[in-house]
Amino acid sequence: MRWTRALLIALLLVPAGGFALSLWSSYFSDDFDVYLEGMGYNSLHPPQNEFSLGSLYDIDENGNLDIVCPTTEAMAKPYTGPEYQNISRATTGSFSAIGDIAERLNAKFGEEYTKHVRLRLQNIRLQKIPATEDGKIQDALIEDKLCSRAVTSRLRLGHYICQVESSFSAVVVYEFVDSLNSSAAMKEPGSGSANNKDKLKSALTANSRMDAKEAESSVLTGDLVFGVKLEPVCISPPNAIFVRSWSKSAVGRVIDFVKYELIEPLFVKDLFGKDAEETVASK
């Protein structure tokens, strides 16, 4: 009886803990990537100038996206938010340097330098395809034989093929906090604000396609897509028992492995069906 009670309490606490973590990520985290993930977006590194909403992507365990079937401009006409989602944290706060940019700053100038760099967001745009259109777009893509073949081939390898339904884009302003110039670590020849700006701009543009321009005391990027959101239901094999859905957590992916690779094969012998096999064989 005690084990049953403990299990029941654990089942109740897990969703509550997940909600608390999501709340913390969305509103209190200093890390921009964590903030995006708390809002349900996959961070893009490097950020992109544009992103094809409605397209089908192969997503790996780290959340990296590889396009499989792109939409055309006529297929997907997104509408722009942000009225459907609360982004007050992004519009009013600032964040620490992110991802590979932070790594380059650390490598070239050290952690003491990097922790004084902050980013703010301007001109935020949340673009989204209405849910009523997602299925229509997906059907149109799959009707193409080349797309269907590519999707089936990757599903047979156990990959997740998911549709991107929303994007988070903005102009990012990188700037230095006031304490930078008084920091002992920055007391070196030529360490004035102009030199600091040059250092930051070189880190932003190195090994990436990111354009950057200087303002009075900051460096601005162009209007870039920093995160995308996946349609909750991904593409499943034709005869699958379980619906495919990509999980951000390692625990979720382990559960999915058990469902898809251990349980489902016990009940389904022909997961893809004759038509899918013929599609792949017609290369």
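Given the Cα-Cα distance of K145 and D270 and 0.36 nm per residue of separation, how much length would full extension add, in nm?
42.9 nm
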### Task
Could you rank the peptides 222-231, 165-174 by their average count of other C-beta atoms within 10 Å per residue, with the highest value first?
165-174, 222-231
### Query
So for Y160, Y35, fewest C-beta neighbours within 10 Å to most, what's the order?
Y160, Y35
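Using a Förster distance of 45 angstrom, determine the FRET efficiency expected from the C-beta separation of N62 and V171, and round it to 0.05.
On the way: r = 26 Å, r/R0 = 0.59.
The calculated FRET efficiency here is 0.95.
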## Note on the structure
If the chain between N86 and S153 were fully extended at 0.36 nm per residue, the gain over the current Cα-Cα distance would be 20.2 nm
### Task
Could you calculate the contour length gain from A240 to R253, that is, 0.36 nm times the residue separation minus the distance between their Cα atoms, to one decimal place in nm?
3.0 nm
### Message
To make sure I understand, if each residue's beta carbon is the centre and we count other beta carbons within 10 Å, what order do T132, T91 fall in, fewest to most?
### Response
T132, T91
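Every number in this text was worked out from the coordinates using simple rules, so none of it is lab data. Since the model is a prediction, treat every value here as computed from it, not as a measurement. Positions of Cβ are backbone-derived with ideal geometry, glycine not excepted, and every protein chain shown enters the neighbour counts.
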